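Beneath this line is the structure, given in structure tokens, with notes to follow.
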Amino acid sequence: MLNTIPHGAPTAEPPLLIVHGLFGSARNWSVIAKRLSDVRQVITVDMRNHGQSPWAPSQSYEDMAGDLAEVLEDVGPADVLGHSMGGKAAMVLALTRPELVTRLIVADIAPVTYRHSQSDKIAAMRAVDLDAVERRSDADAQLARHLDDPALCSFFTQSLDLKQKRWRLNLDVLGAEMEKIIGFPEVTGQFGKPTLFLTGGNSDYVGRDDRDTITALFPRARFVGIPGAGHWIHADKPKEFVAAVSEWLARSEAPR
């Protein structure tokens with residue numbers, strides 16, 4: 001089973017399962033999870049081939065949704081919030097196992113195929129001489145030779161195991177499965193429960209042209225944009241992100 005980190009105690013409200021994106025981890029969401037755990041338990045999860053979860057030969061959305069279903073079969077039905085890759089996995093979970101998802105929140109991603117590969121990020125991490133790394137700043141400096149975004153370099157080093165001198169990311173599988181990661185599987189049916197699509201005002205990941213595709217699969221979808229946020233809306237505008245999620249959960253009735 002996937003590695004999970006609980007925040008807060010169970011309450012009368014459904015728990016909230018948070019699913020990170022590509023190259024992320026459960027710990028990346030700790031601050032957000034703690035802020036959202038005032039009225040419900042929040043559980044963050046490491047996806048397969050990330051963090052402390054097991055490594056596997058596939059990164060398909062069917063397999064990732066199956067992993068999440070295994071967690072919820074143990075925890076019980078929950079609200080599910082997924083960002084980017086995690087948002088796609090959460091959508092496939094909701095469409096294939098709707099009885100496990102009470103409400104769905106999708107952060108800055110659509111159920112479509114994207115053109116931008118993340119293989120250059122994998123190449124940058126592979127280029128790091130881990131034997132020469134004693135501190136995260138050492139890896140950060142090496143990554144900066146290949147990536148021009150300091151925030152991204154810092155984000156990647158959070159997945160570095162300094163003691164073992166290894167990445168907590170299965171870079172080989174993530175690279176081999178990139179076409180699946182940027183794609184979206186053919187899934188039939190609809191998820192008829194409340195669904196929120198949160199988008200960054202400065203992000204181009206979800207356009208108005210995607211709304212017909214979204215509403216065909218999620219007929220109760222609502223769209224909320226967060227001004228000034230990019231694709232990593234929870235990192236760019238954490239207070240606004242938490243407020244939007246909290247307000248929507250408070251207003252939308254969870255099916256019982």
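The values are calculated or read from the model by the stated rules, or taken from the named source; none is laboratory data. For clarity, every value in this text was computed on a predicted model and none was experimentally measured. Don't worry about glycine lacking a Cβ; one is built from the backbone with ideal geometry, like all the others, and counts go over all protein chains shown. Side chains are part of the model used for accessible areas, which takes the heavy atoms of the whole protein and leaves out ligands, DNA and RNA. Shrake-Rupley method; radii C 1.70, N 1.55, O 1.52, S 1.80 Å.
Here are a few things to note about the model shown:
- Search result, residues across the range 157-175 that are open to solvent by 30 Å² or more (accessible area, probe 1.4 Å) and free of Cβ contacts under 8 Å to residues at least 40 places away in the same chain: Leu162, Lys163, Gln164, Lys165, Arg166, Asp172
- Pairs with Cβ under 9 Å, 6+ apart, first in the range 54-67 and more than 22 Å from Ala94 (Cβ to Cβ), second open to solvent by less than 10 Å² (accessible area, probe 1.4 Å): Trp55/Asn49
- The lone exception for Val128 - which of (1) in contact (Cβ under 8 Å) with a residue 60 or more places away in the chain; (2) in contact with a Phe, Trp or Tyr (Cβ under 9 Å, 6 or more places away or on another chain); (3) more than 27 Å from Ser203 (Cα to Cα); (4) open to solvent by less than 20 Å² (accessible area, probe 1.4 Å) it fails: (1)
- Tabulated pairs, the range 186-205, first of a type in the set (Ser, Thr, Tyr), second in a strand (DSSP E or B), C-beta under 6 angstrom, 6+ apart or interchain: Thr195/Leu104; Thr195/Ala221; Thr199/Gly225
- Among the residues of the range 135-156, those identified as assigned to a loop (DSSP other than H, G, I, E, B) and surrounded by 14 or more Cβ atoms within 10 Å (Cβ to Cβ) are Ala144, His146, Leu147.
- Leading residue by the ranking (surrounded by the most Cβ atoms within 10 Å (Cβ to Cβ)) among those in the range 96-119 that are part of a helix (DSSP H, G or I) and modelled with pLDDT of 95 or more: Leu100
- Subset of the range 131-153 (residues that are without any contact (Cβ under 8 Å) to a residue 24 or more places away in the chain and touching a Leu at 6+ places or on another chain (Cβ under 7 Å)): Ala139, Cys153
- Flag if Thr199 is touching a strand residue (DSSP E or B) at 6+ places or on another chain (Cβ under 9 Å) and crowded, with 19+ Cβ neighbours inside 10 Å: yes
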